[in-house]
Amino acid sequence: MSHMTSAIASERTFPSLRALRTTQRAPKSCRNCAARKVRCDKSIPCSRCIKRGEADSCGRETVIVRGQATTRSDDVGTLTYDELARENTRLREALSEANDPVQSSHHQALPPTDDDYYEGAFFRASIAPTHQPAILMTEIDVLLPSISCSSALIEHDEKWNSWVHYALEYPKFAQEHMQFLSDIQNGISLGSMEASWLAIYFAVIAATLLVMSEECASDLDLPTDDVRDVQRNWYNASLYFLHKADFLRHPRIHTVQAIAIQGILYVNAGDWELYRTMWACAIRISQMIGLTRSQSAITELSQEAQHRLWWTIVICDWMGGGPTSSLLREEDFDVPLPTVTEEGSIRTSNRNQIHPVQYHIFMSRTARAHQRFRRALRHSHKTKLEAVRAADEELADLIDTLPSHLQPDIGGAELISDLERRLPWIRWQRVDATLVLLYHRLCLHRILQKDWLQEPVTFASARAVSIKTAKDIIWISQNWELPVNERRQWPFAMYLFCAGLLLLREAQHGLLDDEPDWVSEVEKCISYLDQISSWNAIADQASDILRQLLDEAKCHRFSLPFAT
């Protein structure tokens with residue numbers, strides 16, 4: 001995956017005068033701040049050095065990058081006349097928007113792409129099963145698991161899902177679960193229990209069943225033999241108890257927790273519109289109860305657990321896909337990122353610290369980077385191409401922050417292979433982190449799709465990166481093998497759909513004539529989506545769209561409309 005670490009930056013090189021350290025990226029922070037291990041604002045001279053009276057000595061470290069002595073330079077420079085004109089236009093629009101109470105409540109639309117048309121169809125299609133009730137009507141309809149089954153499901157959630165949703169604190173939730181089982185044994189009915197907690201519980205066991213292998217599920221004492229029917233029943237039960245808790249009238253942390261876990265289920269169940277609606281509720285409720293503040297009065301979760309939960313909301317708001325507007329505010333991104341704690345950490349033989357939350361930290365940083373990119377497209381004086389290049393550079397910086405066990409190109413190393421045998425969730429995290437990096441890169445560069453059609457020379461690099469990234473997504477999905485149950489979650493379908501759609505989009509305009517393998521690449525996407533379609537309604541929808549477009553492409557009957 002060396003292309004992901006390639007620089008798109010303005011750098012100057014110097015002759016090597018002394019022993020320099022070798023690194024993938026020239027640092028932006030100044031030497032003084034780096035030596036003191038404090039945050040640097042990355043300007044030269046930086047504000048900290050100015051305050052300390054060390055402005056004259058403020059400078060960036062010279063390092064060896066790809067065999068050359070390199071010092072990162074600022075690429076801002078003097079604005080051109082066109083850039084100043086764009087900035088003046090932006091400021092006038094911002095002032096007009098600020099003075100207009102109607103306009104100020106809406107986001108400026110991002111530049112549409114042709115892919116937005118099909119991603120909209122991909123997500124917004126009414127694909128929820130019509131023969132199933134939207135929610136259960138009474139507690140009698142709920143299929144209760146046995147004690148052994150319930151315990152096995154909670155144990156599986158702690159190992160495989162808890163670091164995906166980060167909505168719960170273990171062992172606290174495990175203790176609450178034991179009390180729940182005791183209440184059931186003592187004859188207490190579901191109708192007498194706290195509805196908001198039951199919404200969390202049934203979301204947990206439904207999401208766990210989604211990612212559990214068929215072999216493991218067959219060993220459970222499930223209420224019926226049809227695993228998917230049981231999973232759907234528990235999903236509906238979670239929605240039922242959330243409504244019973246009157247969650248729209250009574251904002252509470254339990255609601256945000258339940259929705260965060262249900263987020264694993266909505267799209268798989270075909271409830272895309274419900275997903276967007278409920279996620280908007282989770283954001284608003286979080287803002288109301290103080291989850292978006294560094295310190296809150298919430299007592300049900302520790303401050304660290306609150307931060308982890310909030311960043312789950314942020315991550316999934318970005319990953320939701322489709323050309324939709326977000327309810328997130330700028331200040332919502334000021335919540336501290338999750339941190340690595342000693343509890344749950346594992347030390348390797350070389351004393352490296354491994355913790356499941358490191359994956360969550362990476363996802364949070366990626367979501368924050370995507371937000372900065374969207375903001376740059378809306379409000380910056382930069383052109384789209386400049387915004388894409390800056391975001392791609394930040395993406396390379398993100399790769400540098402990954403711990404060694406999550407690095408994209410570390411596969412096969414003896415230490416990592418041993419870790420993956422001991423801690424199998426590491427492999428899932430590493431594969432998904434790599435796909436997320438590629439998906440984010442694809443999202444960045446495909447903004448320029450129409451531009452490279454009109455100016456193929458100027459935007460040739462963006463097009464090449466997009467095609468290479470799409471093929472990498474398909475290749476990794478095919479070769480970095482994960483069991484089918486570990487690929488059921490809906491983002492895997494989204495990655496493949498976007499990759500296949502990009503290739504079809506290029507084929508439509510005859511731009512893949514020199515790449516004869518593009519048909520087989522799209523067919524691989526369809527085959528992979530078909531493997532998980534029985535558990536993933538959105539994968540079924542995606543494969544149908546790609547199959548239809550591929551048939552049209554083969555017959556040279558291209559009919560992809562342009563977004564307007």
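The values are calculated or read from the model by the stated rules, or taken from the named source; none is laboratory data. From a predicted model like this one, the values you see are computed outputs, not experimental measurements. Reconstructed Cβ throughout: ideal geometry from the backbone, glycine too, with neighbour counts over all protein chains shown.
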Check: So which residues in the stretch 347-372 are at pLDDT below 85 and surrounded by 13 or more Cβ atoms within 10 Å (Cβ to Cβ), if there are any at all?
Finding: THR348, ASN352
Next item on the list: Tell me, please, whether a residue that is under 15 Å from the mean Cα position of the chain (by Cα), outside any helix (DSSP H, G or I) and crowded, with 17+ Cβ neighbours inside 10 Å can be found in the stretch 473-495.
Entry: yes
Notebook entry, point to check: Any residue at all in the stretch 373-383 that is assigned to a loop (DSSP other than H, G, I, E, B) and buried (at least 20 other Cβ atoms within 10 Å of the Cβ)?
Noted result: no
Item checked: Spans of helices (runs of 4 or more DSSP H) in the stretch 137-216 with at least 3 residues in contact with a helix residue (DSSP H, G or I) (Cβ under 7 Å, 6 or more places away or on another chain) and in the same structural domain as MET319 (by TED's automatic domain parsing) -> 147-156, 172-185, 195-211
Notebook entry, point to check: Quick one: what pairs do we get from the stretch 365-393, first residue polar (S, T, N, Q), second part of a helix (DSSP H, G or I), C-beta under 7 Å, 6+ apart or different chains?
Noted result: THR366/LEU398; THR366/VAL436; THR366/HIS440; GLN371/PHE333; SER380/ALA387
Check: Quick check, is PHE333 modelled with pLDDT under 95 and either of a type in the set (Phe, Trp, Tyr) or over 18 Å from the mean Cα position of the chain (by Cα) (or both)?
Finding: yes
Checklist line | Qualifying positions in the stretch 275-306 - more than 19 Å from the chain's Cα centre (by Cα), in a loop (DSSP other than H, G, I, E, B) and on the phi < 0 side of the Ramachandran plot | finding: LEU291, ARG293, SER294, GLN295, SER296, ALA297, ILE298, THR299, GLU300, LEU301, SER302
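Can we say THR458 is outside any helix (DSSP H, G or I) and in contact with a helix residue (DSSP H, G or I) (Cβ under 9 Å, 6 or more places away or on another chain)?
Values: outside any helix (DSSP H, G or I): yes; in contact with a helix residue (DSSP H, G or I) (Cβ under 9 Å, 6 or more places away or on another chain): yes.
Criteria met by THR458.
Do we find that ARG389 is at negative phi, at pLDDT below 90, outside the structural domain of SER286 (by TED's automatic domain parsing) and in a helix (DSSP H, G or I) in this structure?
The answer is no for ARG389.
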Check: Which of (1) under 15 Å from LEU168 (Cβ atoms); (2) not in a helix (DSSP H, G or I) is the odd one out, the single condition LEU265 does not satisfy?
Finding: (1)
Note to self: I want to confirm something. Restricting to the stretch 168-189 and keeping residues that are surrounded by fewer than 21 Cβ atoms within 10 Å (Cβ to Cβ) and among the aliphatic types (A, V, I, L, M), which single residue is nearest to GLU304 (Cα to Cα)?
What the structure shows: ALA174
Check: Can GLN407 be described as under 27 Å from ASN479 (Cα atoms), at pLDDT below 90 and crowded, with 18+ Cβ neighbours inside 10 Å?
Finding: yes
Check: Is the stretch 237-256 home to any residue that is within 14 Å of LEU143 (Cα to Cα) and either free of Cβ contacts under 8 Å to residues at least 12 places away in the same chain or under 19 Å from the mean Cα position of the chain (by Cα) (or both)?
Finding: no
